[in-house]
1. Would you tally the residues in the range B:37-47 being surrounded by 14 or more Cβ atoms within 10 Å (Cβ to Cβ) and either in contact with a strand residue (DSSP E or B) (Cβ under 9 Å, 6 or more places away or on another chain) or over 10 Å from residue B:111 (Cβ atoms) (or both)?
2. Would you kindly identify the helices (runs of 4 or more DSSP H) lying entirely within the range A:1-84 that contain at least 1 residues that are free of Cβ contacts under 8 Å to residues at least 40 places away in the same chain, more than 15 Å from DNA strand D (Cβ to nearest atom) and within 29 Å of residue A:144 (Cα to Cα)?
3. Of all residues in the range A:19-47, how many are more than 22 Å from residue A:113 (Cβ to Cβ) and either within 12 Å of DNA strand C (Cβ to nearest atom) or touching a helix residue (DSSP H, G or I) at 6+ places or on another chain (Cβ under 8 Å) (or both)?
4. Among (1) in contact (Cβ under 8 Å) with a residue 24 or more places away in the chain; (2) in contact with a helix residue (DSSP H, G or I) (Cβ under 7 Å, 6 or more places away or on another chain); (3) closer than 15 Å to residue A:224 by Cβ, where does residue B:186 come up short?
5. So is residue B:71 within 21 Å of residue B:114 (Cβ to Cβ), modelled with pLDDT under 95 and within 16 Å of DNA strand C (Cβ to nearest atom) or not?
6. Go through (1) farther than 26 Å from residue B:30 by Cα; (2) within 12 Å of chain A (Cβ to nearest Cβ); (3) surrounded by 21 or more Cβ atoms within 10 Å (Cβ to Cβ) for residue B:217 and report which single condition fails.
7. I need a count of the residues in the range B:212-238 that are more than 22 Å from the chain's Cα centre (by Cα) and part of a loop (DSSP other than H, G, I, E, B).
DNA sequence: CGTGTTCGTTATGCATCATCACGATTTCGA
DNA sequence: TCGAAATCGTGATGATGCATAACGAACACG
């Protein structure tokens with residue numbers, strides 16, 4: 001897209017400013033929540049005035065949209081990196097590593113997590129083909145890659161629930177053709193359930209619903225939940 | 001608290017107005033999201049002016065707090081009612097009914113669901129011992145009641161994951177003494193995992209992450225997820 | 001029928017979002 | 001090197017929403 005051969009001085013400066021704006025916005029988000037990201041505060045923190053920010057973003061929603069896209073990329077990157085640090089043939093360990101990264105990121109950046117996977121923010125328009133859909137697909141694809149690998153290794157057992165409706169099987173075949181043949185419909189269904197379990201545990205954890213457990217018990221509960229999700233999906237754990 | 005023997009005309013009128021305010025606010029929330037609940041809009045919808053609302057709520061946060069409490073109560077009521085409509089000894093059917101009600105409510109009122117179980121709203125203070133904690137405990141107690149009944153019936157099998165850390169077991173014994181003796185620590189841990197699965201599936205569903213499946217496949221996916229959660233927890237299904 | 005409470009309105013102050021017009025700095029071609 | 005043009009930041013301005021204050025109308029009650 002952009003030719004890196006011509007990073008004009010001005011362009012570099014501008015990019016740096018944009019980065020700083022987003023970084024400051026993320027910082028404010030951590031302490032004040034999503035909706036209290038004020039241009040005034042961002043500008044003040046940067047030693048500027050509010051109107052200057054409009055040179056970089058059309059309005060508040062444009063900044064939020066950018067932050068959402070960044071959040072998706074960051075979450076995806078963190079999960080992918082965690083996954084890559086484990087032997088490719090040890091799919092169980094890869095699932096655990098990815099799940100941990102998913103939760104750790106959510107705990108580290110609860111505001112961003114809420115921003116990308118929570119209820120759509122105030123009154124902005126859902127950017128149609130926006131990053132939301134793409135990143136969700138991306139998360140799914142990371143999961144499905146794990147299942148494909150497990151199937152190739154012959155380690156994918158039958159999931160806990162094997163009933164699959166015709167509609168569900170049709171969706172699996174149509175929307176995720178890369179799985180057909182290798183991953184049976186029941187495993188596809190179980191894969192989504194595993195994702196739901198991971199996501200639910202992450203949400204409850206990140207939003208403090210497990211705070212009444214100590215740090216230690218909470219961590220171990222999450223590990224047990226990850227193992228449960230894997231076993232229920234017929235995923236090779238131990 | 002309030003003596004129902006003296007519902008003054010004025011008191012009744014006032015209560016009705018409060019109800020109308022909350023109802024209008026909920027209506028606006030459904031279409032404009034949580035944060036865009038403006039006093040101006042509520043008042044306009046009611047044929048009043050904004051300052052009049054301050055006769056009923058100290059500020060915007062007070063209204064939100066009330067709505068959160070109502071949301072918890074409503075969700076709890078709906079789940080309890082669904083559960084009660086099933087034979088008390090058929091714990092599996094009760095779990096399914098409660099899970100369905102949980103999701104249906106979230107799909108019907110995604111904004112309220114986000115309000116009570118999503119990321120804390122803007123910059124308001126989390127009401128310490130507020131309704132949040134109470135209602136979460138209440139939801140848990142509904143779940144644990146199911147597990148206790150299953151244990152009494154002798155139908156509670158070993159969950160998929162039986163490893164329980166000492167810290168987790170200690171928390172279970174300390175925070176939920178009503179379970180000790182009847183429900184083993186591993187089942188307690190599995191119960192929370194089941195809740196996480198239900199909650200995750202509900203979140204993803206309510207926020208549209210499963211829209212690419214049709215209505216039919218989505219419903220059946222959820223049913224399969226409910227069954228998976230139950231089986232993984234050693235809950236008697238079928 | 002008068003008195004006091006309750007309720008709703010208009011008027012006001014304050015903060016934020018967003019735009020505009022202007023000045024200062026930087027970039028780059030002649 | 002110098003001057004035109006683009007870029008960037010500021011102060012001024014208008015619109016909207018939150019919240020308070022002061023005033024007036026309607027109601028309950030003795």
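The values are calculated or read from the model by the stated rules, or taken from the named source; none is laboratory data. Every value quoted in this text rests on a predicted model; they were computed, and no experiment measured them. No Cβ is skipped: glycine too gets one built from the backbone with ideal geometry, and neighbour counts run over all protein chains shown.
1. Result for the range B:37-47: 7.
2. The helices (runs of 4 or more DSSP H) meeting that bar are A:60-84.
3. Qualifying residue count for the region: 7.
4. (2)
5. No; evaluated as a whole, the condition is false for this residue.
6. (1)
7. 7
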